[in-house]
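Trainee: Mind having a look at this structure? Questions to follow.
The values are calculated or read from the model by the stated rules, or taken from the named source; none is laboratory data. Note that this is a predicted model, so its numbers are computed, not measured. Counting neighbours? That spans all protein chains shown, and the Cβs are built from the backbone with ideal geometry, glycine included. Accessible surface is based on the protein model in full, side chains and every heavy atom, while ligands, DNA and RNA are left aside. Shrake-Rupley method; radii C 1.70, N 1.55, O 1.52, S 1.80 Å.
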Amino acid sequence: MALSFAHPELLAFALLGLVPLAIHLFNRQRARPKPFAAIDFLLRSKRRTARALRLRKFLLFCARTLLLLAIPLALARPHFVESTAAAKPTGPRATAIAFDTSLSMRAIEDGTSRFERARALAIDALHTLPYADPVTLVDCAANAEAPLPLSFDRGALVQQLQSLAATFETQDLTSCLQRAARALAESALPAKRILFATDLTQAGLNLDVPAPSVQLPDGSSVQPDIVLLDAALNTDEPLANAAISSLDIEPIASIGPRAYRFAIAVQNHSGKAIADLPVRLRIDGEVVAKGFLDVPAHQSALQILTHRFTQSGPTSGVVEIDSDALQADDSFYFTLDVPRQVRALLVNGSPNPVRFLDEAFFVQAALDAQGSVVRATVRQADALDLAEEIASFDVVILLNVRDVSEALAISLQAFVEAGGGMFIALGDQVDADAFNDRLAPLLPRLLRLVKTAAHTPARLAHIDLAHPALELFAGEEAQSLLAANFSRYFLLESAPKAASRTLASFDDGAPALIEHQVGKGRVLLFTSTLDRAWTDLPIRTGFLPLMQRLMGLLSRTLEVTHSAPSRVGEPRMFSAGLTSGQAAIVLSEIQTPTQAIVSFDAAPVLEDDATPRFEATTTPGIYAVSGMTDGKPTRLPRFDFAVNVDSLESDLRRIDVAEFKTWFGQTHVTRRTTDGSLDADSEGWPLWSLLLCGALLCFVAECLLLKRH
Amino acid sequence: MPIDPSLLTKLPSLKLRARSVVEGVLSGLHKSPYQGQSVEFAEHKEYAPGDELRHVDWKAFGKLDRYYVKRFEHETELSVLLAIDASGSMNYGSGPLTKLDAAATLCAALAHLLIRQQDAVGLMIFGGDALEFIPPRSGAGHVQVIYEALDALTGKGKCNLTKMADALAEKARRRSAIFVFSDLFDDDEAAGSDSGSGTGGLDALLRLRTRKHEVAIFHTLDQDELDLPFDDPMRFLSMEADGKELQTHPRELRASYLEEMNAFLAATKRRSTELGSDYTLLTASEPLDRVLLRFLSRRERLRAGGGRSA
């Protein structure tokens, strides 16, 4: 342990400690002779008070000397450093300013953000550095440019600091310090130093990895001195902050179509419970739902809001709570594509006066259920105007239809190729040869014959849960389909067509449900019946969602879902998804929440195997996407996306300064705060303040001695 | 209007200074308390049993048919012996007059005043071991002798109050009023006492009362000795050639010094009062006519109150 000084040049003023001695000697010299008649009284007084006087003079001398010594010593900012640190070379130091620009630095304390406070500290520290110290600035932002070479140009560095801006992202401050250490490695100076401007919140620092060190040209490494520019004002308790940590949006069928349930999780990061916190749902700038929430200290609570949209189509909104120290996490943005109504034509090939025996009964019931966006219309298979009527529907469902006319087959093919959806359910009325003949272009496979289960009914053995239409049945939900019994089903030709995909198959391997892409549309072939003639599937719990999902697939409304919002800094991926087969979409530009327009450099085309990405998700809010469809510029609201801040940054609890210093091992760490104080790393009172206290005590002692005299 | 000591120093001789003081005194005094030789009628008092019959004014009885007794101012000639301490310490003075100057001027003024009243005035000067004595006499020419002796006065040697008392006892054979002018810094006392309030030498002076002498002490000090007003570091030297010196910062000793000095003053005054002597603190910077007037007024009050007058 050795004593070191932040401003050793001020130690020269310690010579002031000799002033009392000089005054004493001077007074002895200049004592002028004075004949005095009452000298005997003086002598007696002197004899009587000699001891007390000597003691008092000694104390006075000591108090004055210590007072004059303590002040320059305190101004020189002494601190103890370990012997290794003491052995470090002195002289100019290569210095890097590592600047934390993460979201937590946006927190407001006493009317000023921590970022502004850190910037003022950094500029102040920059001005106090010796001119011989080369300096560089390291922005901790993830997409920040590489630091410039070390420079002596203070003006340029101040300009760089002035141009810094606080981000909304979570930053890895540990790697930022490592970047600063790498920047220092470029200097040949043996002494290194990092000025670390941060609020020391827990989100950015990982103290489990080794502390950064600077690699020297000879292969050895040295730990830089750390000057912690602490931007936080209140270091004892974290700032009170509540944040919306997550948002789940689900359709709520019990209320009706286009009704949604918003589950808003609010996390209270403060030590005090929050009562009656207003939570608002804002759509198109208007509050459409509002609730009040009690959130216990250091816990989260869930607020449920519901809203029924009056119109379908893409929309966006925000849920928000009252502003607090950190405003950015008080809002949570989302985008939602409210599904449009799907018109389905049910062509009944086996009508029956008894409703539950009717071929279309179960399908119609499933599609017309409460909350469903599908509106079903039933027609007899022999209706004369079917060929003309199908053009006004989104989906056509053939239910155990014996045969289709030539005209109907042509209409159906044109309908599907134009983007329509077609569902074919088979049955005992189906003429396989006629189907193979008339609907061959639409069938994923040709029909062969009906298979009847001998002793035990067949069951579904495989379901393609990766398919968007069936992913709903992942997990235990699949049992509602797997438990269905099938007594009869059609076998198909073994050679599959191109652009077909088996979505479900029986336990004997025979296909049960096949998807086939035809032109811009889709065809689904179900090899059994959709009534109870061949199977009990229609009375299984999975039947209703299965039918609604399949209708969504065929009508291209399946992707009409709430797209998960991105986090700030995460790239946004665009995929063709279920839009494949439609007109080519070219992404051209994106309007950010700050109204800035960001153009795509290469005008990416949304295709099956292409996933263009957008990197500049720097600001929370709604990003509006525009592009080209069929060569025409158009807004693409269904590709709009929301970006929100990372809830990790909402937790403003700080890393203990002592823990931070321990991380750096024996390296000396100095902490500079906004009140101008600069403390050493020693526990308890910093040495300079003890010296100032000592000086104050000396001054008081001197005053008391003089007053008593 | 009191006479400033700085004005007194501008007068060329002690004689003029003394006259200035006396004139100041006379202008402020309605009646001199020192009327010794002539037996003058003062007042009538109605006879009461016990009054001497020889003082009954028969003429008044004849005119008024009532008995009145005559009362007189003084009935005896006054012999005054002025004793002045001319040791080295009396040479100290922070103002225009040293302590010795002030004492000599006051002596001369008193001599002038007394001889003017036809009283006999003598002078005794103690300077170290030397002794100069002028026997008490009256007459206008005698005051000139006293003036000359006081004019030639120089302070030297040490002060020894016991020796001074012995010499006074020897020289003053008849009943006299003895006025002593001294700073009372008795060398023997200083050496022998730590308290600073020793009054051994003073007691020897005051014991002259046992020989029927009237003793009045003029405690002559300088204002510096009362206040110790010095601030700078100093090397204090003794003024009585005894080699004593002290280098110190006066501020540090002031409180203790003043304590010593005040105790000394209080003890001196108390002892003087106890032994029936008159005590007057004479500071060199004080207007001397005022001191003299104060002294005379006090004497007059004592006489009027039935005390013995000089």
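Trainee: What FRET efficiency would be calculated for the residue pair residue A:153, residue A:5, taking the C-beta separation as r and a Förster radius of 30 Å, to the nearest 0.05?
Mentor: Between residue A:153 and residue A:5 the formula returns 0.60.
Trainee: So in chain A, what percent of DSSP beta bridges are antiparallel if you round to the nearest 5?
Mentor: Here the antiparallel bridges make up roughly 65 percent for chain A.
Trainee: Same structure again: What's the Cα-based Rg to Rh of region A:344-386, Rh via Kirkwood?
Mentor: Expressed as Rg/Rh, it is 0.99.
Trainee: Given a Förster distance of 51 angstrom, what is the FRET efficiency for residue A:216 paired with residue A:570, based on the Cβ-Cβ distance and rounded to 0.05?
Mentor: So, using R0 = 51 Å, E works out to roughly 0.85.
Trainee: Something else now. Averaging over all projection directions, find the projected area of the Cα convex hull of region A:152-252 and quote it in nm² with one decimal place.
Mentor: Its average projected convex-hull area is 10.8 nm².
Trainee: Quick check for you: with a 1.4 Å probe and neighbouring chains kept, what is the accessible area per residue of the protein assembly as shown, in Å²?
Mentor: Counting only protein heavy atoms, the per-residue value for the protein assembly as shown is 46 Å².
Trainee: State the extension gain, in nm to one decimal, for the chain segment bounded by residue B:226 and residue B:301, taking 0.36 nm per residue of separation less the distance between their alpha-carbons.
Mentor: Full extension of this stretch gives 24.2 nm more.
Trainee: Once the convex hull of the C-alpha atoms of region A:402-442 is built, how many Å³ does it hold per residue, rounded to a whole number?
Mentor: Once divided by residue count, the hull of region A:402-442 is 53 Å³.
Trainee: Related question: Helix-only estimate, please: 222 nm mean residue ellipticity of the protein assembly as shown, summing -39500 (n - 2.57) across DSSP H runs of length 4 or more and dividing by its residues, to the nearest 500.
Mentor: Value at 222 nm, helices only: -9000 deg cm²/dmol.
Trainee: Report the far tail of the P(r) of region A:26-84, meaning the percent of Cα-Cα pairs longer than 19 Å.
Mentor: So the pairs more than 19 Å apart make up 62 percent of the total in region A:26-84.
Trainee: What translational diffusion coefficient, to the nearest whole µm²/s, does region B:116-271 have by Stokes-Einstein, given a Kirkwood radius computed over alpha-carbon pairs, a temperature of 10 °C and 1.306 mPa s viscosity?
Mentor: Answer, rounded: 91 µm²/s.
Trainee: Can you give the FRET efficiency for residue A:26 and residue B:255, using 1/(1 + (r/R0)^6), R0 = 25 Å, r = Cβ-Cβ distance, to the nearest 0.05?
Mentor: E(calc), rounded to 0.05, equals 0.55.
Trainee: Here's a follow-up. Just tell me the longest site-free run in chain A, where the sites are GluC sites (Glu not before Pro) in a DSSP loop having at most 10 other beta-carbon atoms within 10 Å.
Mentor: Free of exposed loop sites, the longest segment is A:146-682.
Trainee: I've got another one for you. For the protein assembly as shown, report the translational diffusion coefficient in µm²/s to the nearest whole number, using Stokes-Einstein at 37 °C, 0.692 mPa s, and a Kirkwood Rh over Cα pairs.
Mentor: In µm²/s, the coefficient rounds to 79.
Trainee: Right, something else. How big is the C-alpha Rg of region B:221-288 next to the rule-of-thumb value 2.2 N^0.38 Å, as a ratio?
Mentor: 1.32
Trainee: Now a separate question. For the pair A and B, how large is the buried accessible area, both sides, in square angstrom to the nearest 100, if the probe is 1.4 Å?
Mentor: Between A and B, the summed buried area is about 3000 Å².
Trainee: Between region A:426-490 and region A:248-301, what is the separation of their alpha carbon centroids in Å?
Mentor: 43 Å
Trainee: What is the helix-to-structure angle for A:114-128, meaning the angle in degrees between its Cα long axis and the longest Cα principal axis of chain A, kept from 0 to 90 and rounded to the nearest 10?
Mentor: Approximately 40 degrees, to the nearest 10.
Trainee: Of all alpha-carbon pairs in region A:40-192, indicate the percentage at a distance above 18 angstrom.
Mentor: Roughly 71 percent, once rounded to a whole number.
Trainee: Now for a separate question. Pairing the Cα long axis of helix A:406-417 with the longest principal axis of chain A, what angle in degrees results, from 0 to 90 and rounded to the nearest 10?
Mentor: In chain A, helix A:406-417 runs at an angle near 10 degrees to the longest axis.
Trainee: Additional query: For residue A:471 and residue A:501 in the same chain, what is the full-extension length gain: residue separation times 0.36 nm, less their Cα-Cα distance, in nm?
Mentor: That works out to 9.3 nm of additional length.
Trainee: Something else about it: How many percent of Cα pairs in region A:342-554 exceed 28 Å?
Mentor: Result for the distance tail: 19 percent.
Trainee: OK, next. Suppose we keep just the DSSP beta bridges with both residues in region A:273-423; what percent of those would be antiparallel, to 5?
Mentor: 60 percent
Trainee: Ok, one more. When the chain is fully extended, how far beyond the present Cα-Cα distance does residue A:112 get from residue A:461, taking 0.36 nm per residue of separation?
Mentor: Result: 119.3 nm gained on full extension.
Trainee: Over 10 Å intervals from 0, what percent of Cα-Cα pairs in region A:242-336 sits in each interval?
Mentor: For region A:242-336, the binned pair fractions read 16, 50, 25, 8, 0 percent.
Trainee: Under 4.7 Å Cβ to Cβ, no partner at all: give me those cysteines from the protein assembly as shown, in residue order.
Mentor: Here A:62, A:693, A:698, A:703, B:107, B:159 come out as lacking a disulfide-compatible partner, given the Cβ-Cβ threshold of under 4.7 Å.
Trainee: Quickly work out the residue A:440-to-residue A:696 label distance, labels modelled 7 Å from Cα along the C-beta direction, and quote it in nm with one decimal.
Mentor: My value for the distance between the label points is 10.2 nm.
Trainee: Then there is this: Which value in nm describes the separation of the simple spin-label points at residue A:613 and residue B:210, placed 7 Å from the Cα toward the beta carbon?
Mentor: Modelled inter-label distance: 12.6 nm.
Trainee: Now, a different point. So how far apart, in nm, are the two label points at residue B:58 and residue A:598 if each is 7 Å from Cα heading toward Cβ?
Mentor: Placing both labels 7 Å along Cα→Cβ, they lie 15.0 nm apart.
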